[in-house]
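Scroll down for the structure; my scribbles are underneath it.
The values are calculated or read from the model by the stated rules, or taken from the named source; none is laboratory data. Fair warning: this is a prediction, and the values are worked out from it, not measured in the lab. For neighbour counting, all protein chains shown are included, and Cβ atoms are generated from backbone atoms with ideal geometry for every residue, glycine included.
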Amino acid sequence: MSLCINPKCPRPDHPGNDHSRYCVRCGSDLLLNDRYRVLRLLSDKTGFGKIYEAYEHTTPKILKVLKESWNTNSKVVELFEQEARVLGKLDHPGIPKVDDYFQHSVSSQGWTTPPLVHCIVMEKVDGLNLDEWMVQQGNHPIAQTQALRWLKQVVEVLGVVHANHYFHRDIKPGNIMLHRSGQLVLIDFGTARDLTYSYASKLQGHRITAVVSPGFTPHEQSNGQAVPQSDFFALGRSFVQLLTGNHPSEMYDPQEDELHWRDHTTNVSPLLLDLLDRMMARKVGDRPVDTRAILQQITEIEKSLQPQPIKSPTAPPRKSIVPAVKSSTLLPRKSYLPAVVAISGLVILGGAIGYWLKLNPNPIAISSPSDTPISAPNASEQTSPTPSFPMPSDYANLALANTLSGHSRPVNSVAISADGQTIVSGSEDSTIKVWNLKTGELLQTLSAHSDTVFS
């Protein structure tokens, strides 16, 4: 299909247009700027423009056309041209590239004075915007790791925009595209403003230039005083929606003039919650000063979520190893392994007793403790000596065999399976982890606990 973009064409999608240079119904040129043929309308609900999918030969493009109703408004035309200029200056994978800007002449049919249709041709971002993506996902909140990754990407894009003396002024999930590569792309720069331009002179028709997206626009921007930190506010509100699955307006309390959103999140670090609250601070001066400050805080949050290093335990004191003995009960060699060892670190030296048994293959005589003194046996009753329990000196040749680093908080307890193949650890991070004792491989994580695991 080949569409005609003449606003007054009676049949812009005429089937005969597919094989014609000119519109069958109105006679307008269908090959825009001698390069682009329009395939289909994507949206007519994007503020000042209509969005089409177009092709340059076989390459898909996005064509943005200024709506007829704004075509004679000089301020709106200026905003539209500005979008092309801004995008043309910015080079980043998170910013769509502008290929062309031109004014297209349409047929005089239906017009007293045929207008020039203002057109921007830009790179087609293959993907969904985050509003569409959230609907596709059933509006389920995104995970903390994904939120940090996405937040970092958009802040880096804003760093490029702000460094070129512009700010966006209309950040919201609908203006953030998710490319199939995983890169977030900031779109719709029609409201971007040059930091050096006098807002007062531009605002004479403030209903045109004062952009407001309910739930995302800060109050200073609603009053016509947008600043770069206004982008931080809108970005913070966008991630509130992503982390809760709710539009910010649904969580706003007009009586207290507060956004009650934290209780709608799960498994999110207080550090990330605090960062978003700072980005959304009512006072501009309470928000981060620039994108570098936000990126630094993101890095600190990521570090805080990394597993803590494991420390090797010291050998136990001699006196805590030797039990009191009254009478002997033989314990088969393979049954020595069921043991539960409480530790405060994240490491257990699991092979200590096994190493001793290798050196002492005879059974161990163990009994319950008693206060009754033990009489020396008669010489006639004496048998072969029973080996003593291993002393710290027996550990001289032991070395650290493995480091298990899956927990994010201290470990309170561990247990070794009877066959000596598995070790289980319980942690203050509310999880139980099952490991292969020989290889150190994490076999399973049990995460149903709501609080610290002690045993």
Exercise. Give just the number: which of (1) assigned by TED's automatic domain parsing to the domain that holds Trp111; (2) over 30 Å from Val212 (Cα atoms); (3) within 43 Å of the chain's Cα centre (by Cα) does Cys4 not satisfy?
Key: (1)
Quiz item: Going through the stretch 35-68 one residue at a time, which ones are at pLDDT 90 or above, closer than 20 Å to Arg11 by Cα and hydrophobic (A, V, I, L, M, F, W, C)?
Solution: Val38, Leu39, Leu41, Ala54, Leu63, Val65, Leu66
Quiz item: Do we have Ser230 as within 24 Å of Lys303 (Cβ to Cβ) and in contact (Cβ under 8 Å) with a residue 60 or more places away in the chain here?
Solution: no
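Which ranges mark the helices (runs of 4 or more DSSP H) fully within the stretch 206-275 that have 3 or more residues being in contact with a helix residue (DSSP H, G or I) (Cβ under 9 Å, 6 or more places away or on another chain) and outside the structural domain of Asn139 (by TED's automatic domain parsing)? Working first, answer last.
Working: elements: 206-209, 219-222, 228-244.
Answer list for the stretch 206-275: none.
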Quiz item: Taking Pro254, is it more than 17 Å from Gln146 (Cα to Cα), loosely packed, with under 13 Cβ neighbours inside 10 Å and without any contact (Cβ under 8 Å) to a residue 12 or more places away in the chain?
Solution: yes
Quiz item: Inside the stretch 153-187, can you point out the residues that are at positive phi and in contact with a strand residue (DSSP E or B) (Cβ under 7 Å, 6 or more places away or on another chain)?
Solution: His165, Arg169
Quiz item: Mind checking which residues of the stretch 382-405 are at pLDDT below 75 and hydrophobic (A, V, I, L, M, F, W, C)?
Solution: Phe389, Met391, Ala396, Leu398, Ala399, Leu400, Ala401
Exercise. Report, by residue number, each residue of the stretch 31-41 that is touching a residue at least 12 places away in the same chain (Cβ under 8 Å) and surrounded by fewer than 21 Cβ atoms within 10 Å (Cβ to Cβ).
Key: Asn33, Arg35, Arg37, Leu39, Arg40, Leu41
Exercise. Considering (1) free of Cβ contacts under 8 Å to residues at least 40 places away in the same chain; (2) more than 22 Å from the chain's Cα centre (by Cα), say which one Trp111 fails and leave the rest.
Key: (1)
Practice problem: Return the pairs, sorted by first residue and then second, in which the second residue is basic (Lys, Arg), the first residue lies in the stretch 77-88 and is free of Cβ contacts under 8 Å to residues at least 24 places away in the same chain, the beta carbons are less than 9 Å apart, and the residues are 6+ apart or on different chains. | Solution: Glu78/Lys202; Gly88/Lys97
Quiz item: Limited to the stretch 119-152, what total is found for residues that are closer than 29 Å to Val65 by Cβ and either among the polar types (S, T, N, Q) or in contact with a strand residue (DSSP E or B) (Cβ under 8 Å, 6 or more places away or on another chain) (or both)?
Solution: 14
Quiz item: Out of (1) polar (S, T, N, Q); (2) out of contact with any Gly (no Cβ under 7 Å at 6 or more places or on another chain); (3) free of Cβ contacts under 8 Å to residues at least 40 places away in the same chain, the odd one out for Gln241 is which?
Solution: (3)
Quiz item: Quick one: which of Ser413, Ser408 is assigned to a strand (DSSP E or B) and modelled with pLDDT of 70 or more?
Solution: Ser413
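Would you mind stating whether Glu78 is within 31 Å of the chain's Cα centre (by Cα) and either over 19 Å from Ile51 (Cβ atoms) or not assigned by TED's automatic domain parsing to the domain that holds Val185 (or both)?
no
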Quiz item: Residues of the stretch 416-447 being within 27 Å of the chain's Cα centre (by Cα), not in a strand (DSSP E or B) and not acidic (Asp, Glu), which ones?
Solution: Ser430, Thr431, Ser447
Practice problem: Please find, among Gln103, Gln82, Gln153, Gln146, the residue that is surrounded by fewer than 15 Cβ atoms within 10 Å (Cβ to Cβ) and either under 28 Å from Phe233 (Cα atoms) or among the charged types (D, E, K, R) (or both). | Solution: Gln146
Self-check item: Candidates Gln297, Gln308 - the one that is among the polar types (S, T, N, Q), at pLDDT 95 or above and either surrounded by 11 or more Cβ atoms within 10 Å (Cβ to Cβ) or assigned to a loop (DSSP other than H, G, I, E, B) (or both)
Solution: Gln297
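If I ask for residues that are touching a His at 6+ places or on another chain (Cβ under 7 Å) and either among the aliphatic types (A, V, I, L, M) or surrounded by 13 or more Cβ atoms within 10 Å (Cβ to Cβ) (or both), which ones from the stretch 117-143 would you list? Outline the logic, then answer.
In the first step, residues of the stretch 117-143 are kept if they are touching a His at 6+ places or on another chain (Cβ under 7 Å); the result is 117, 119, 125-127.
Once the filter is applied, which keeps residues that are touching a His at 6+ places or on another chain (Cβ under 7 Å) and either among the aliphatic types (A, V, I, L, M) or surrounded by 13 or more Cβ atoms within 10 Å (Cβ to Cβ) (or both), the stretch 117-143 yields Val117, Cys119, Val125, Gly127.
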Practice problem: Answer yes or no as to whether Ala324 is assigned to a loop (DSSP other than H, G, I, E, B), modelled with pLDDT under 50 and among the aliphatic types (A, V, I, L, M). | Solution: yes
